[in-house]
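Written below as structure tokens is the structure these notes are about.
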Amino acid sequence: MTSTDLFLLVQRVGVGALVAMGTLCFLVVTLRNIMSVVQLVLAAIEFQTRIRPAARSYELWSRYADLAPPVSVIAPCYNEELSIADSVRSLLSLQYPDFEVVLVNDGSSDATLARLIDEFDMRPVQREQLVVLQKTRILGVYVSDEHPNLLLVDKENGRKADAVNAGIGFSTAPLVCVIDADSIIEPDGLLRGTEPFMADDGSLVAVGGTIRIANGSAVDGGHVRQIRLPAGWLPRYQILEYLRAFLTARIANSRLNMLLLISGAFGIFRRSVLVEIGGYRHDTVGEDLEIVTRIHRHMREQKRPYRIGFIPDVVCWTEAPADWKGLRNQRSRWEQGALETLVRHRKMLFNPRYGRIGMVALPLVIIEDVLGPPCELFGYLLVPILYLLGLTSGTVVLAFFAITVLFGTGISLGTLALEELQLRRTPSARDLLKVAFAALIENLGYRQINLVFRIRGMWRFFRKDTVWASAGRVGFSKL
């Protein structure tokens, strides 16, 4: 930018407005980083004081096999003929005493339905739903002669939320586990996920678990046989993001009883509560955030005691986008979903009736998802301009980039250290160093591009663009 361009910019915007915008950017970015540091500290305290090392599978089985409540695992699927058979075999091999698998074919246009019928010897049956929550028509219901606990629901296309609602209607267990059909639950993951319900007084209504990225790992027959680091840098950056999200933010928010998000890839809910609130909404691209926020709202309006928990054990593996287009679509969708939830539940904001959810948790979402992306991205452009115009000092410029880059790197390394001390899921010391190096360089382009993707999600929200943009996954067999 030339000096003439800067002069014209100052003329149009005004010196005072530029300084005010720069100050706002600095404050918002600082506040976001302070939030991240607090979450990291709270997560470390939680690991030290409350979270015990994960028990081995046989210990869990011997301890809880007689106490485990029945669970319905709901897996919506759409156009997954290449991987659906392995995914279902993985679900059927879960180490759990009493569960059913409810597959919901959401109007697939490929051979998903035929593949399921052939692979699992399924035949049509007449079965009524216990409750009707979906908007689209049920086309058929099938049961497996080979696996009595396998049910297949075929329906018209209505997207994931509608498919999950159909599955809830056919489910019979008091707990439902909602997953993505292309996710992989570890064999003992369901037992770990339901463990909090076994010692509960009835107030626990939902539990989330840690999601990890399977890119690069050896996946065979629907199981992660060997954990490996992905070769590409794009999935490595996402490993860091998932660690920060699940091992710091989720654990900290759970400790404060203000967890707002249970990943759509894996979550366990009391079926009765989902039915009470009418199931998942069909008119949002962020149904996982919205459903948990609505549970908070419902329970507080009913003045009923409740808890929403989180377990740090690895329970589910998923495939992360391996190219920029897939990442763009995913992050834009996440941002759009957050804004939709905020607008839909704006009544809760700063409302004492909703306790810490309305007074703290949702306002923090505003800082993270409304103010954060544009302020940080604009700050990268505005702070140097203010310096060139002599409107701020070099110290302020260095402080801004230190807050964004150095703090971000420090939080990533702190989370990585926490993961290594507590869970130790990184395959080797060499891989640990590679992930640590990714923490250093993700701030040099990747972070800024992500901000652009999130602002794209804002634009989609204001345009009311509800078209589902796929992340373009290739399947575990090709990772």
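It is to be established whether one or more residues within segment 241-252 are touching a residue at least 40 places away in the same chain (Cβ under 8 Å), assigned to a loop (DSSP other than H, G, I, E, B) and of a type in the set (A, V, I, L, M, F, W, C).
No, the conditions are met nowhere in segment 241-252.
Residue check, Y78 against (1) open to solvent by less than 50 Å² (accessible area, probe 1.4 Å); (2) at pLDDT 90 or above; (3) of a type outside the set (D, E, K, R); (4) farther than 30 Å from L398 by Cβ, all met but one. Which one?
The failed condition is (1).
Among the residues of segment 85-121, write down those that are closer than 13 Å to V143 by Cα and not charged (D, E, K, R).
V101, V102, L103, V104, L113, L116, I117, F120
Against the definition (in a helix (DSSP H, G or I) and modelled with pLDDT of 80 or more), how does A68 come out, yes or no?
No; evaluated as a whole, the condition is false for this residue.
Within segment 128-140, is even one residue within 24 Å of the chain's Cα centre (by Cα), buried (at least 24 other Cβ atoms within 10 Å of the Cβ) and either in contact (Cβ under 8 Å) with a residue 12 or more places away in the chain or assigned to a helix (DSSP H, G or I) (or both)? It would help to see each step written out before you state the result.
So in segment 128-140, the residues within 24 Å of the chain's Cα centre (by Cα) come out as 133-134.
With buried (at least 24 other Cβ atoms within 10 Å of the Cβ) added as a condition, the list becomes 134.
Restricting the remaining residues to those that are either in contact (Cβ under 8 Å) with a residue 12 or more places away in the chain or assigned to a helix (DSSP H, G or I) (or both) gives 134.
The answer is yes; a qualifying residue exists.
Would segment 266-287 turn up any residue that is among the acidic types (D, E) and touching a His at 6+ places or on another chain (Cβ under 9 Å)?
Within segment 266-287 (the criterion being among the acidic types (D, E) and touching a His at 6+ places or on another chain (Cβ under 9 Å)), the answer is yes, since at least one residue qualifies.
Which residue is modelled with the highest pLDDT, if the candidates are limited to segment 422-438 and must be out of contact with any helix residue (DSSP H, G or I) (no Cβ under 8 Å at 6 or more places or on another chain), open to solvent by 60 Å² or more (accessible area, probe 1.4 Å) and part of a helix (DSSP H, G or I)?
Top of the filtered list is F437.
Rundown of residues vs (1) at pLDDT 90 or above; (2) not aliphatic (A, V, I, L, M), yes/no style:
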| position | (1), (2) |
| --- | --- |
| R333 | yes, yes |
| Q336 | yes, yes |
| V343 | yes, no |
| L349 | yes, no |
| P352 | yes, yes |
| V370 | yes, no |
| Y380 | no, yes |
| T392 | no, yes |
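Restricting attention to segment 179-196, report how many residues are in contact with an Asp or Glu (Cβ under 7 Å, 6 or more places away or on another chain) and either open to solvent by less than 10 Å² (accessible area, probe 1.4 Å) or in a loop (DSSP other than H, G, I, E, B) (or both). So that I can check it myself, show each step before the final result.
Just the residues of segment 179-196 that are in contact with an Asp or Glu (Cβ under 7 Å, 6 or more places away or on another chain), to begin with: 181-182, 192.
Filter once more, so that each one left must be either open to solvent by less than 10 Å² (accessible area, probe 1.4 Å) or in a loop (DSSP other than H, G, I, E, B) (or both): 181-182.
Summing the residues that are in contact with an Asp or Glu (Cβ under 7 Å, 6 or more places away or on another chain) and either open to solvent by less than 10 Å² (accessible area, probe 1.4 Å) or in a loop (DSSP other than H, G, I, E, B) (or both) in segment 179-196 gives 2.
For segment 255-290, which residues satisfy the criterion of being more than 11 Å from the chain's Cα centre (by Cα), in contact (Cβ under 8 Å) with a residue 60 or more places away in the chain and outside any loop (DSSP other than H, G, I, E, B)?
Listed by number, the residues that qualify are R255, I268, F269, R270, R271, S272, V273, L274, V275.
When the residues of segment 101-116 are filtered to those that are open to solvent by less than 30 Å² (accessible area, probe 1.4 Å), in contact with a strand residue (DSSP E or B) (Cβ under 6 Å, 6 or more places away or on another chain) and not polar (S, T, N, Q), which remaining residue is nearest to H223 (Cα to Cα)?
Applying the filter and picking the extreme gives V101.
Can you name every residue in segment 197-226 that is in a loop (DSSP other than H, G, I, E, B), open to solvent by 30 Å² or more (accessible area, probe 1.4 Å) and among the aliphatic types (A, V, I, L, M)?
If the condition is that a residue be in a loop (DSSP other than H, G, I, E, B), open to solvent by 30 Å² or more (accessible area, probe 1.4 Å) and among the aliphatic types (A, V, I, L, M), then A199 is the only one that fits.
Among the residues of segment 280-302, what is the count of those that are more than 22 Å from D465 (Cβ to Cβ) and open to solvent by 40 Å² or more (accessible area, probe 1.4 Å)?
The number of residues fulfilling the criteria is 4.
So, in segment 228-242, of the ones that are out of contact with any Pro (no Cβ under 9 Å at 6 or more places or on another chain) and farther than 15 Å from S412 by Cα, which residue ends up surrounded by the fewest Cβ atoms within 10 Å (Cβ to Cβ)?
The extreme case among them is A231.
Could you count how many residues in segment 303-333 are touching a Leu at 6+ places or on another chain (Cβ under 9 Å), closer than 27 Å to P373 by Cβ and either surrounded by fewer than 18 Cβ atoms within 10 Å (Cβ to Cβ) or not assigned by TED's automatic domain parsing to the domain that holds H223 (or both)?
The number of residues fulfilling the criteria is 2.
Taking segment 196-254 on its own, how many of its residues are under 21 Å from the mean Cα position of the chain (by Cα) and of a type in the set (D, E)?
Number satisfying all stated conditions: 1.
Only one of these is within 30 Å of A231 (Cα to Cα) and buried (at least 17 other Cβ atoms within 10 Å of the Cβ): T415, T341. Name it.
None of the others qualify; the one that does is T415.
So which of I385, I366, I403 is free of Cβ contacts under 8 Å to residues at least 60 places away in the same chain, out of contact with any Lys or Arg (no Cβ under 8 Å at 6 or more places or on another chain) and in the same structural domain as G445 (by TED's automatic domain parsing)?
Within the list I385, I366, I403, the selection yields I366.
Within segment 378-402, count every residue that is crowded, with 19+ Cβ neighbours inside 10 Å and within 19 Å of M35 (Cβ to Cβ).
2
Residues are listed down the side, and each one gets a yes or a no for (1) assigned to a helix (DSSP H, G or I); (2) in contact with a Ser or Thr (Cβ under 7 Å, 6 or more places away or on another chain):
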| residue | (1), (2) |
| --- | --- |
| L382 | yes, no |
| I385 | yes, no |
| A402 | yes, no |
| V405 | yes, no |
| I411 | yes, yes |
| G414 | yes, no |
| L440 | yes, yes |
| V452 | yes, no |
| V467 | no, no |
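The values are calculated or read from the model by the stated rules, or taken from the named source; none is laboratory data. Treat the numbers as computed from the prediction; the structure is a model and nothing was measured. Heads up, the Cβs are rebuilt from the backbone with ideal geometry, glycines too, and the neighbour counts pull from every protein chain shown. What goes into the accessible areas is simple: the full protein's heavy atoms, side chains included, and nothing from ligands, DNA or RNA. Shrake-Rupley method; radii C 1.70, N 1.55, O 1.52, S 1.80 Å.
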